[in-house]
Amino acid sequence: MLRGIPWRFFDFWLLGAVILATAFGVAMIRSAVAGNEEILVSVQRQIIFGGIGFLVILIVGAIDYHYWAALYRPMYIVMAVLLIFLFLSARAVFGAARWFQLGTLFIQPTELAKIVLILILARFFEQTQNQPRDLRWIITSFLWTTGLAMWIFLQPNLSNVIVIMVIWLAMLWINGLPVKYMAIFGAVGLVGAVVLMLAPFSPLQDYQRQRVFTFLFPDPTARHGATYNVQQALIAIGSGGLFGKGYGHGTQTQLRYLKVRHTDFIFSATAEEFGLIGALLVIAILAFIIWRCLQAARSARDVSGAMIAYGVAILIFFQGAVNIGVNLNLIPVSGLPLPFISYGGSGLVSLMLGIGLVESVAMRHKEIDF
């Protein structure tokens, strides 16, 4: 399993970009704390989780990804049990049961579930690569996906369910989903979204529907809630100008007008203190990470390796795009973090686990052309 590890094919460009993004995230979290002693410990925790994640990349990359894929059944069962147990017993935070509390730490299994699902689907598409792209093929992959997604939905955690469904649909498309089925999914999804938002029997929570209504019909006089947070985020971004106000000198951030500034709205804090140039550099780093993942997928030796790398790339792209879209008031508030930048130990380590899998794929084929 570890014998003859081809370290010469290790993608150091990808690792370097991830370390750079994580280090910048730690620096921005330190600034975004803005003297708040209650969240000051976030900086130290992010450093610790970043170090753990770095080791995870090396360890997971050293092990052939086929060994991880071969464990898909026990991983799936363990992940489902964790999510069920979380639904039944976890502490409710902001109206949702999403964390296990271990001392002062909060562990979010949903973040790991996304990586597990990518492995499960990669294994599935490897095994079915020669099967017809019919309804049976689609429904089977859907059942694997919903076996985890349903428990995340019940937390309730709609934003991460959307992430999981996007990963599933994108991987279906890459594996040859016929256009007619994609059109059907689009129509069903649109109708379903309208029904979920308007029907009195909707399983959505009130706050989930309120986020959409607030986005469509904002109240400019609001002094709290999603509308207020987005308003402050836009002020922060706009006031940063081209080069920003300087590290630790953003007034919206340092005077704490900008809420959840070390998590959901860290992109706005970045734009305020480093300006348009800094915001574009953050986007460029994330785009580079995604591109290296796509390069690993392109050079993978088999379907499962390609699907692992594609899945991680889709995850990083979608979460990053949604987070930035929320900060720019292009889409409703979702609560998804900015990959590698926002505070969150579970999310950071899980993403680094995904990067470790991509490294394993890259190492077991050929050197990626820059």
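Scanning the range 40-57 for residues that are at pLDDT below 95 and either over 18 Å from Ile107 (Cβ atoms) or among the charged types (D, E, K, R) (or both) returns Leu40, Val43, Arg45.
Number of residues in the range 252-274 that are surrounded by 20 or more Cβ atoms within 10 Å (Cβ to Cβ) and either outside any helix (DSSP H, G or I) or at positive phi (or both) equals 6. The set of residues in the range 52-86 that are touching a Phe, Trp or Tyr at 6+ places or on another chain (Cβ under 7 Å) and closer than 21 Å to Leu14 by Cα contains only Gly61. The single condition among (1) out of contact with any Phe, Trp or Tyr (no Cβ under 6 Å at 6 or more places or on another chain); (2) assigned to a helix (DSSP H, G or I); (3) over 29 Å from Leu294 (Cβ atoms) that Pro156 does not meet is (2). The set of residues from the range 34-50 being assigned to a helix (DSSP H, G or I), in contact (Cβ under 8 Å) with a residue 60 or more places away in the chain and not charged (D, E, K, R) comprises Val41, Ser42, Gln46, Ile48, Phe49, Gly50.
Checked against the criteria, His249 does not count as crowded, with 19+ Cβ neighbours inside 10 Å and assigned to a loop (DSSP other than H, G, I, E, B).
Would you check if Phe317 is assigned to a helix (DSSP H, G or I) and either surrounded by fewer than 19 Cβ atoms within 10 Å (Cβ to Cβ) or among the hydrophobic types (A, V, I, L, M, F, W, C) (or both)? In short, yes. All of Gly241, Gly176 fail the test of being more than 23 Å from Tyr343 (Cα to Cα), among the small types (Gly, Ala, Ser) and surrounded by fewer than 12 Cβ atoms within 10 Å (Cβ to Cβ), apart from Gly176.
Condition test on Glu359, is it in a helix (DSSP H, G or I), closer than 28 Å to Asn175 by Cα and acidic (Asp, Glu)? Yes; evaluated as a whole, the condition is true for this residue. Close Cβ contacts (under 6 Å, 6 or more residues apart or on different chains) running from residues in the range 201-225 that are among the charged types (D, E, K, R) and surrounded by 15 or more Cβ atoms within 10 Å (Cβ to Cβ) to residues that are at pLDDT 70 or above and part of a loop (DSSP other than H, G, I, E, B) comprise Arg211/Pro332; Arg211/Val333.
The condition (being out of contact with any Phe, Trp or Tyr (no Cβ under 9 Å at 6 or more places or on another chain), of a type outside the set (Phe, Trp, Tyr) and within 30 Å of Gln127 (Cβ to Cβ)) is satisfied by just one residue among Arg364, Arg261, Arg301, Arg292: Arg301. Might you check whether a residue that is modelled with pLDDT under 90, assigned to a helix (DSSP H, G or I), β-branched (Val, Ile, Thr) and over 25 Å from Phe318 (Cα atoms) occurs anywhere in the range 74-84? Looking through the range 74-84, at least one residue is modelled with pLDDT under 90, assigned to a helix (DSSP H, G or I), β-branched (Val, Ile, Thr) and over 25 Å from Phe318 (Cα atoms).
When Gly320, Gly240, Gly311 are checked against the criterion of being in contact with an Asp or Glu (Cβ under 8 Å, 6 or more places away or on another chain) and of a type outside the set (Val, Ile, Thr), a single residue qualifies: Gly240.
When Ser350, Ser342, Ser334 are checked against the criterion of being in a helix (DSSP H, G or I) and not basic (Lys, Arg), a single residue qualifies: Ser350. Listed by first and then second residue, the pairs linking a residue in the range 135-147 that is touching a residue at least 40 places away in the same chain (Cβ under 8 Å) to a residue that is assigned to a helix (DSSP H, G or I), with Cβ atoms under 7 Å apart and 6 or more places separating them unless they lie on different chains, are Ile138/Leu172; Ile138/Tyr181; Trp144/Ile120; Trp144/Leu121; Trp144/Phe124; Gly147/Ala80.
The values are calculated or read from the model by the stated rules, or taken from the named source; none is laboratory data. Only a predicted model underlies this, so the values are computations on that prediction, with no experimental measurement involved. Ideal geometry is used to build each Cβ from the backbone, glycine not excepted, and the neighbour counts take in all protein chains shown.
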